[in-house]
Amino acid sequence: MKTMKWLIKREMWENKGMLLWTPVVISSAVATLGLVAAFIGKHGDWEVNGRNIGSVTVEGTARANIADTMAQAYMASSIPLLMVLSFLVFFYCLGALHDERRDRSLLFWKSLPVSDLTTVLSKVLMAVVVAPLITLGIAVVMSLVILAAGCMALMAHGTNMFGALLLSPDLYLTPLRMVALLPVYALWALPTVGWLLMVSSWARSKVFLWAVGTPVISALLMLWAEKGLHLGFDTAWYTANIVDRILLGVVPGSWLMFDRVHIMLEHEEHKLAIPQTIFNESWGTLAGINVWVGAAAGVAMIATAVWMRRRREEA
Amino acid sequence: MSAIISAANLRKQYGKSTALDGASFQVEAGRIVGLIGPNGSGKTTTLKAILGLTPFDGELSVLGMDPRTQREQLMNDVCFIADVAILPRWLKVKDAIAFVEGVHPRFDRAKAEKYIARTKLTPDMKVKAMSKGMVVQLHLALVMAIDAKLLVLDEPTLGLDILYRKQFYQNLLEDYFDENKTILITTHQIEEVEHILTDLLFIEDGRISLAASMDEVGERFTEVMVEPQFIAAANALQPLSQRTVFGKAIMLFDGVARQQLSNFGELRTPSVADLFVATMKGTYA
């Protein structure tokens with residue numbers, strides 16, 4: 001346990017610039033844009049739920065509805081940040097076992113009584129737990145700032161949303177739901193994380209080309225064989241179930257695409273709050289076989305990475 | 001038995017080339033052993049085998065453990081500094097100390113800090129801002145603070161200037177080495193280590209060609225500045241090597257009685273470097 005704590009710290013020291021400062025900078029940019037839009041943007045043209053609230057004071061049911069929408073949707077401003085998270089985790093994994101080989105510090109790490117398994121697991125944890133948590137933390141702060149700015153802008157137009165918002169449970173539940181989705185994210189990300197770590201531990205150079213080129217080119221070859229040679233390949237299946245899973249699994253919410261979940265329909269039928277629907281549907285994907293097959297493949301590839309780190313000899 | 005390392009018939013192939021061809025040797029506790037050989041003779045492969053960094057054939061026991069299967073456990077008692085095992089550029093001095101303290105049960109922070117205090121290293125300094133000599137100082141500080149039984153050094157002073165090199169070995173002898181520790185060292189800068197070695201291992205073409213303590217080396221090998229009139233007689237005793245310095249023939253003998261040799265001229269104990277050159281001649285021919 002103590003070793004793991006230090007390994008995580010070690011990863012933080014090495015990747016602070018990428019995993020902490022990148023989301024901070026991007027969220028600052030998004031927040032700045034949000035603030036600019038709220039205060040300098042076109043006045044008198046505010047529409048919420050189809051009602052123009054730019055010049056009228058909104059009260060009663062209408063205000064409650066707006067408060068609901070805002071409380072449910074305010075984390076939407078963190079979508080750019082979550083997309084960036086996919087890239088961060090992707091490139092973190094790609095470098096995780098390759099950089100130490102390239103700069104030859106591998107032998108220094110290996111001179112310490114830390115097993116290859118523990119080391120690789122610390123990198124997996126970093127990718128599927130620590131990095132997402134950091135980004136989520138920043139995302140929550142940023143979303144709240146933008147929400148507060150929006151409310152102040154509304155206030156300037158005579159509508160006070162603060163009270164209604166603060167009383168709305170969704171305001172607090174939305175971030176909690178996102179954190180509670182972490183296990184779902186981790187499981188769906190495992191195939192990609194495993195694939196990238198495996199390539200990272202194995203490729204001598206050009207890790208990105210190996211990681212992305214291999215699946216993409218193989219898919220193209222299959223497509224060519226399928227269409228050109230009329231061989232019985234199912235390229236669409238291969239792309240959806242192999243290529244996408246090992247390359248796009250680190251995208252938050254990828255499971256909604258992989259499992260073809262129909263959020264909107266559900267929402268219409270049962271009148272659930274959208275974040276709650278997403279949350280339920282996300283956990284619901286764990287009932288399917290898809291996620292577990294991928295996770296098992298991911299674990300196997302991580303095991304290969306451990307084996308490679310242990311056995312691989314560096315010139 | 002006090003053998004820290006015992007190796008029997010180590011073999012290792014890299015494709016078609018043979019790195020280790022049946023090397024066998026023992027290293028006793030409390031010794032400073034120089035593993036010396038020409039480039040490509042299997043030195044580094046031997047060290048890698050001892051550290052569990054490479055698969056190989058043969059029997060090898062380090063501190064009673066098999067490095068192939070008990071690597072992590074072994075690393076509790078073994079430290080190594082290799083020219084190729086460099087510290088990562090982003091590492092800060094204080095983080096390096098904290099990390100090793102965190103993962104190594106035998107690390108003594110006070111010792112490391114004491115050693116660092118004697119250098120120009122500062123806690124917030126990153127490796128990328130250090131000279132090569134400073135990086136080695138940091139690495140040495142980390143390693144010296146670990147109470148390990150075996151320290152393996154692979155060309156530890158490569159690329160350092162003479163001041164750093166002298167200081168490195170001085171620190172090692174004065175502050176680190178004691179009868180409970182064993183040091184195994186490879187280097188091409190033989191002159192600089194020969195006075196600290198207690199034992200010699202020469203390795204040639206993947207095999208140990210000489211294993212002796214320095215005392216035995218002194219007894220076994222003799223260098224003679226042969227007077228011109230005795231050259232034929234001396235040659236009859238089959239010297240290992242012969243060279244000429246200032247017009248005088250200097251011959252190196254293996255296992256010839258000193259008494260007998262003293263008739264030919266002035267005697268002296270050969271330097272390890274001369275011995276190395278004599279025994280390895282023809283390596284690259």
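The values are calculated or read from the model by the stated rules, or taken from the named source; none is laboratory data. Quick caveat, the model's predicted, so the values are computed rather than measured. With ideal geometry, Cβ positions are generated from the backbone for all residues, glycine too; neighbour counts draw on all protein chains shown.
Suppose the filter is out of contact with any Asp or Glu (no Cβ under 7 Å at 6 or more places or on another chain), at pLDDT 90 or above and among the small types (Gly, Ala, Ser); does A:Ser86 pass it? Here the answer is yes, as A:Ser86 does meet what is asked.
Within segment A:292-315, being of a type outside the set (Gly, Ala, Ser) and assigned to a helix (DSSP H, G or I) holds for A:Trp292, A:Val293, A:Val299, A:Met301, A:Ile302, A:Thr304, A:Val306, A:Trp307, A:Met308, A:Arg309, A:Arg310, A:Arg311. Scanning segment A:193-248 for residues that are within 27 Å of A:Arg312 (Cα to Cα) and not in a helix (DSSP H, G or I) yields A:Ala203, A:Arg204, A:Ser205, A:Lys206. Scanning segment B:156-182 for residues that are in contact (Cβ under 8 Å) with a residue 60 or more places away in the chain and among the hydroxyl-bearing types (Ser, Thr, Tyr) turns up just one, B:Thr182. Being touching a Pro at 6+ places or on another chain (Cβ under 6 Å) and within 13 Å of another protein chain (Cβ to nearest Cβ) holds for only one residue in A:Asp99, A:Asp103, and it is A:Asp103. Evaluated against (1) under 19 Å from B:Asp205 (Cα atoms); (2) at the interface with another protein chain (Cβ under 9 Å from one of its Cβ atoms), B:Val103 falls short on exactly one condition, (1).
Just one of the numbered conditions (1) out of contact with any Lys or Arg (no Cβ under 6 Å at 6 or more places or on another chain); (2) within 10 Å of chain A (Cβ to nearest Cβ) is not true of B:Gly30: (2).
Residues in segment A:124-144: is at least one within 14 Å of chain B (Cβ to nearest Cβ), buried (at least 22 other Cβ atoms within 10 Å of the Cβ) and among the aliphatic types (A, V, I, L, M)? The answer is no; no qualifying residue exists. Does segment A:207-227 contain at least one residue that is out of contact with any strand residue (DSSP E or B) (no Cβ under 6 Å at 6 or more places or on another chain), farther than 28 Å from A:Arg311 by Cβ, among the hydroxyl-bearing types (Ser, Thr, Tyr) and surrounded by fewer than 18 Cβ atoms within 10 Å (Cβ to Cβ)? Scanning segment A:207-227 turns up no residue that is out of contact with any strand residue (DSSP E or B) (no Cβ under 6 Å at 6 or more places or on another chain), farther than 28 Å from A:Arg311 by Cβ, among the hydroxyl-bearing types (Ser, Thr, Tyr) and surrounded by fewer than 18 Cβ atoms within 10 Å (Cβ to Cβ).
For beta carbons closer than 6 Å, sequence separation of 6+ or different chains, a first residue in segment B:57-85 that is facing another protein chain (nearest Cβ under 9 Å) and a second that is surrounded by fewer than 20 Cβ atoms within 10 Å (Cβ to Cβ) and not in a loop (DSSP other than H, G, I, E, B), the qualifying pairs are B:Leu74/B:Met65.
Of the candidates A:Leu97, A:Leu136, the single residue that is under 17 Å from A:Met4 (Cα atoms) and either charged (D, E, K, R) or in contact (Cβ under 8 Å) with a residue 24 or more places away in the chain (or both) is A:Leu97. Checking every residue in segment A:57-65 against the condition of being among the aliphatic types (A, V, I, L, M), crowded, with 20+ Cβ neighbours inside 10 Å and modelled with pLDDT under 80 gives at least one match.
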